[in-house]
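First comes the structure, then the notes that go with it.
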Amino acid sequence: MTTVAGGTGADYTEKIPNNVDLHEDRRLQRALESWQPNFLSWWESMGPTLPTQDVYLRTAVNVGREGWAHFDHVPMRDYRWGIFLAERDPGRRIGFGQHMGEPAWQQVPGEYRAELRRLIVIQGDTEPASVEQQRNLGATAPSLYDLRNLFQVNVEEGRHLWAMVYLLHAYFGRDGREEAEELLHRNSGSADSPRILGAFNEETPDWLSFFMFTYFTDRDGKYQLGTLKESAFDPLSRTCEFMLKEEAHHMMVGTTGVDRVVERTAQLMVEHDSDEVAARGAIPLPMIQKYLNFHYSVSLDLFGGETSTNVANYYTAGLKGRWSEDRRKDDHKLADDAYLVDALIDAGTSKQSIGQTEVSALTGLNTDLRREYIADCQIGVNRWNKILAEAGLPQRLKLPHVAFNRKVGAFAGIEASPDGEILSADEWQHRSGQWLPTDVDKTHVRSLMRPVHERGKIASWIAPPRNGINGKPFDYEYVHLA
Ligand code: BYC
């Protein structure tokens, strides 16, 4: 059956590709049809600013193991933002919490409605936020390959917004529809109606920030989606499972993006036997370290407090699990377990120190997830250090201490150095410029951001990628500019 929406003449059965039998639910279809133009006008006004004819994009067309994605040059406005849930396992049972062993929920239980809606709204809010943060980057892309990757990330974040909006519309009635509208009204960095989580109100003004963001902040997305994939609410679980597939590309953009910046810097350092690469059009290692410090610490905040009753309740109720829940060798209820979390010991006294304290395992679950994330972040740092080692350089990059530059959780009230030394406000004021990007650093990085929109060419501050996209060479015409 083909449904044609009044007025626009758009064929929505075609326009909203889906594997949820949308055409069988006219009420839902109409609700999403009326949200779609609002989404498109948000995309026009808050999405990528660089005018393009078309972009070589991957579009999700199915969820199967083979051939879920289709590559083609498409005008971005015509990208087919679809609704895809991983296939349903009819026998799926809840894997943790007080409902463990019961069949997964196909509807939202009344008693958990508010919490589930809140989790979905927070997740949904981050997706358009990142598109807003990245909207001006096209104008300074270091190559057509990078430009295409930026746009790929952007359209997929748009699709992830669709995924959450589908859940809100399909399962939360009128307040779900209202929340879906609000997702388009809040804006990154807005004074009146900012995005919900801190990191999504920061600027992404240059490509080093973009690569750090896709490495560190998108990786929070990977871990949060990983916990929501465990959810007892099956539609949420299935949508997150499929989102994780797309997320892998965003991780790749971040990891290889930073690889290539480090590689270029290392090349010039070796070539000129000097650390002073700024004048040679590259980004000095200490500056890379400062950007890393900033994006990592801001992303650590996205895991919430070291101890949290919210997360304990989410877990017990079955709404949000742990990373790799099924591989954990415990009772998956944790009611009697304890866990060591990072903490400020003797806070507010002269003996104040950074250490650990034992709490109930349930309230420590944000720390548990943060630690999984930190271990994963370290893998990237090891990669970058391998590039430096292979270039014969002694310098190394490093993740700062978990207490460094935190605005949320146990360390929000103190200042700590990247080595975990507690500092007075004065010392912090005096020394933070050694660890976080200063105006001088930002000005240098921005000065390098001159667009290279010519096929096969690349900016001075970054090495070309080792591989192109979908088997295409680096000098492929990934984007046709308008
Ligand atoms: N900024 O109990 P607490 C992604 C609030 S990224 C501002 O310690 P909880 C993506 C918190 O809401 C993944 N506020 O923490 C990446 C609470 O407020 P109320 C996004 C913050 O609730 C790149 C209060 O502080 N998905 O997908 O256990 C590109 C006390 O919180 C922040 C999710 O996050 C902050 N950083 O955990 C595109 C999953 N942190 O209740 C996409 C859904 C905490 O006092 N969200 N607060 O009003 C959650 O699971 C949890 O809400 C959080 C916080 C992990 C965010």
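In segment 350-398, what residues are over 28 Å from Met269 (Cβ atoms), part of a helix (DSSP H, G or I), of a type outside the set (A, V, I, L, M) and open to solvent by less than 50 Å² (accessible area, probe 1.4 Å)?
Of everything in segment 350-398, those that are over 28 Å from Met269 (Cβ atoms), part of a helix (DSSP H, G or I), of a type outside the set (A, V, I, L, M) and open to solvent by less than 50 Å² (accessible area, probe 1.4 Å) turn out to be Asn366, Thr367, Asp368, Arg370, Tyr373.
Of the residues Ala425, Ala412, which is at pLDDT 95 or above, out of contact with any Leu (no Cβ under 9 Å at 6 or more places or on another chain), within 22 Å of Asp220 (Cβ to Cβ) and surrounded by fewer than 20 Cβ atoms within 10 Å (Cβ to Cβ)?
Values: Ala425 fails: within 22 Å of Asp220 (Cβ to Cβ).
Going through Ala425, Ala412 in turn, just one is at pLDDT 95 or above, out of contact with any Leu (no Cβ under 9 Å at 6 or more places or on another chain), within 22 Å of Asp220 (Cβ to Cβ) and surrounded by fewer than 20 Cβ atoms within 10 Å (Cβ to Cβ): Ala412.
Could you tell me whether Thr239 is over 17 Å from Met251 (Cα atoms), part of a helix (DSSP H, G or I) and within 10 Å of the ligand (Cβ to nearest atom)?
Details: over 17 Å from Met251 (Cα atoms): yes; part of a helix (DSSP H, G or I): yes; within 10 Å of the ligand (Cβ to nearest atom): no.
No, not satisfied.
Inspect segment 377-392 for any residue being closer than 29 Å to Arg322 by Cα, among the β-branched types (Val, Ile, Thr) and touching a strand residue (DSSP E or B) at 6+ places or on another chain (Cβ under 6 Å) and give the result as yes or no.
Initial filter on segment 377-392 (closer than 29 Å to Arg322 by Cα): 377-384.
Then drop every residue that is not among the β-branched types (Val, Ile, Thr), which leaves 379, 381.
Next, from what is left, pick out any that are touching a strand residue (DSSP E or B) at 6+ places or on another chain (Cβ under 6 Å): none.
Checked against the condition, which is being closer than 29 Å to Arg322 by Cα, among the β-branched types (Val, Ile, Thr) and touching a strand residue (DSSP E or B) at 6+ places or on another chain (Cβ under 6 Å), segment 377-392 yields no hits at all.
Looking at Arg135, Arg117, Arg113 in this structure, which one is open to solvent by 20 Å² or more (accessible area, probe 1.4 Å) and part of a loop (DSSP other than H, G, I, E, B)?
On the way: Arg117 fails: part of a loop (DSSP other than H, G, I, E, B); Arg113 fails: part of a loop (DSSP other than H, G, I, E, B).
Exactly one of Arg135, Arg117, Arg113 is open to solvent by 20 Å² or more (accessible area, probe 1.4 Å) and part of a loop (DSSP other than H, G, I, E, B), namely Arg135.
What are the pairs, 6+ residues apart or on separate chains, where a residue within segment 211-231 that is assigned to a helix (DSSP H, G or I) has its Cβ under 7 Å from a residue that is among the β-branched types (Val, Ile, Thr) and more than 7 Å from the ligand (Cβ to nearest atom)?
Phe211/Val258; Phe211/Val261; Met212/Val258; Phe213/Thr204; Thr214/Val153; Thr214/Val253; Tyr215/Thr255; Tyr215/Val258
So in segment 295-309, with the set limited to residues that are surrounded by 17 or more Cβ atoms within 10 Å (Cβ to Cβ), within 7 Å of the ligand (Cβ to nearest atom) and not acidic (Asp, Glu), which one is nearest to Thr217 (Cα to Cα)? It would help to see each step written out before you state the result.
Start the filter on segment 295-309 by keeping residues that are surrounded by 17 or more Cβ atoms within 10 Å (Cβ to Cβ), which leaves 295-308.
From what is left, the residues that are within 7 Å of the ligand (Cβ to nearest atom) are 301-305, 308.
Imposing the further condition that a residue be not acidic (Asp, Glu) reduces the set to 302-305, 308.
Details: Leu302: 8, Phe303: 11, Gly304: 14, Gly305: 17, Ser308: 21 Å.
Among residues in segment 295-309 that are surrounded by 17 or more Cβ atoms within 10 Å (Cβ to Cβ), within 7 Å of the ligand (Cβ to nearest atom) and not acidic (Asp, Glu), the one nearest to Thr217 (Cα to Cα) is Leu302.
Arg406: within 30 Å of Gly468 (Cβ to Cβ), part of a loop (DSSP other than H, G, I, E, B) and out of contact with any strand residue (DSSP E or B) (no Cβ under 6 Å at 6 or more places or on another chain), yes or no? Even if it seems obvious, please write down each step before you answer.
On the way: within 30 Å of Gly468 (Cβ to Cβ): no; part of a loop (DSSP other than H, G, I, E, B): yes; out of contact with any strand residue (DSSP E or B) (no Cβ under 6 Å at 6 or more places or on another chain): yes.
No: the conditions fail for Arg406.
Closer than 30 Å to Gln106 by Cβ and either over 17 Å from the mean Cα position of the chain (by Cα) or of a type in the set (Phe, Trp, Tyr) (or both), is that true of Leu285? Walk me through how you get there before you give the answer.
Values: closer than 30 Å to Gln106 by Cβ: no; either over 17 Å from the mean Cα position of the chain (by Cα) or of a type in the set (Phe, Trp, Tyr) (or both): yes.
When the stated conditions are applied, Leu285 does not pass them.
Could you check segment 65-101 and list, in sequence order, the residues that are open to solvent by 80 Å² or more (accessible area, probe 1.4 Å) and over 30 Å from Glu44 (Cβ atoms)?
Start the filter on segment 65-101 by keeping residues that are open to solvent by 80 Å² or more (accessible area, probe 1.4 Å), which leaves 65-66, 70, 77-78, 80, 87-90, 93, 98.
Arg65, Glu66, Glu87, Arg88, Asp89, Pro90, Arg93, Gln98, listed by residue number.
Let's see how each residue does on (1) away from the ligand (no atom under 13 Å from the Cβ); (2) open to solvent by 20 Å² or more (accessible area, probe 1.4 Å); (3) of a type in the set (A, V, I, L, M):
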position	(1), (2), (3)
Val311	no, no, yes
Tyr315	no, no, no
Lys329	yes, yes, no
Ile345	yes, yes, yes
Gly348	yes, yes, no
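Residue by residue through segment 270-290, note down the ones that are open to solvent by 10 Å² or more (accessible area, probe 1.4 Å) and in a helix (DSSP H, G or I).
Initially, segment 270-290 is screened for residues open to solvent by 10 Å² or more (accessible area, probe 1.4 Å), giving 270-276, 278-281, 284-287, 289-290.
Listed by number, the residues that qualify are Val270, Glu271, His272, Ala278, Ala279, Arg280, Leu285, Pro286, Met287, Gln289, Lys290.
Of the residues that sit in segment 426-482 and are polar (S, T, N, Q) and in a loop (DSSP other than H, G, I, E, B), which one is nearest to His249 (Cα to Cα)? Outline the logic, then answer.
Keep residues of segment 426-482 that are polar (S, T, N, Q), which gives 429, 432, 434, 438, 443, 447, 460, 467, 470.
Those left that are additionally in a loop (DSSP other than H, G, I, E, B): 438, 460, 467, 470.
Values: Thr438: 30, Ser460: 24, Asn467: 13, Asn470: 12 Å.
Checking each candidate, the answer is Asn470.
I need a count of the residues in segment 146-187 that are under 22 Å from His23 (Cα atoms) and within 15 Å of the ligand (Cβ to nearest atom).
Total satisfying the criteria: 10.
Could you please give the count of residues in segment 122-132 that are open to solvent by 10 Å² or more (accessible area, probe 1.4 Å) and more than 8 Å from the ligand (Cβ to nearest atom)?
The number of residues fulfilling the criteria is 1.
Tally the residues that are closer than 18 Å to Gly355 by Cβ and of a type in the set (Val, Ile, Thr), restricting the search to segment 405-427.
To start, the set of residues in segment 405-427 that are closer than 18 Å to Gly355 by Cβ comprises 406, 409-423.
Right, trim to of a type in the set (Val, Ile, Thr) and you get 414, 422.
Count: 2.
Among residues belonging to segment 193-210 that are farther than 30 Å from Gly95 by Cβ and part of a helix (DSSP H, G or I), point out the one that is nearest to the ligand (Cβ to nearest atom).
Filtering segment 193-210 down to residues farther than 30 Å from Gly95 by Cβ leaves 193-195, 198, 201-210.
Checking the rest, the ones that are also part of a helix (DSSP H, G or I) come to 198, 201, 207-210.
Values: Gly198: 4, Asn201: 9, Trp207: 16, Leu208: 16, Ser209: 13, Phe210: 11 Å.
Top of the filtered list is Gly198.
Out of all the residues in segment 158-165, is one or more modelled with pLDDT of 95 or more, open to solvent by 10 Å² or more (accessible area, probe 1.4 Å) and more than 23 Å from Leu147 (Cα to Cα)? Step through it out loud before you land on a result.
Initial filter on segment 158-165 (modelled with pLDDT of 95 or more): 158-165.
If we keep only those that are open to solvent by 10 Å² or more (accessible area, probe 1.4 Å) as well, we get none.
Within segment 158-165 (the criterion being modelled with pLDDT of 95 or more, open to solvent by 10 Å² or more (accessible area, probe 1.4 Å) and more than 23 Å from Leu147 (Cα to Cα)), the answer is no, since none of the residues qualifies.
Looking only at segment 15-47, which residues are of a type outside the set (A, V, I, L, M, F, W, C) and under 15 Å from Arg77 (Cβ atoms)?
Of the residues in segment 15-47, the ones of a type outside the set (A, V, I, L, M, F, W, C) are 15, 17-19, 21, 23-27, 29-30, 33-34, 36-38, 41, 44-45, 47.
Within segment 15-47, Lys15, Gln36, Pro37, Asn38, Ser41, Glu44, Ser45, Gly47 meet the criteria.
Which of the following residues is more than 13 Å from the ligand (Cβ to nearest atom), polar (S, T, N, Q) and at negative phi: Ser190, Ser231? Break it down into steps so the answer makes sense when it comes.
On the way: Ser231 fails: more than 13 Å from the ligand (Cβ to nearest atom).
After ruling out the rest, the residue left standing is Ser190.
All but one of (1) within 16 Å of the ligand (Cβ to nearest atom); (2) open to solvent by 60 Å² or more (accessible area, probe 1.4 Å) hold for Glu325; state the number of the condition that does not hold.
Tallying (1) within 16 Å of the ligand (Cβ to nearest atom); (2) open to solvent by 60 Å² or more (accessible area, probe 1.4 Å), Glu325 fails exactly one: (2).
The values are calculated or read from the model by the stated rules, or taken from the named source; none is laboratory data. What you are looking at is a predicted structure, and each value in this text was computed from that prediction instead of being measured. When we count neighbours, we look across all protein chains shown, and the Cβ atoms used for this are built from the backbone with ideal geometry, even at glycine. With ligands, DNA and RNA removed, areas are computed over all heavy atoms of the protein, side chains included. Shrake-Rupley method; radii C 1.70, N 1.55, O 1.52, S 1.80 Å.
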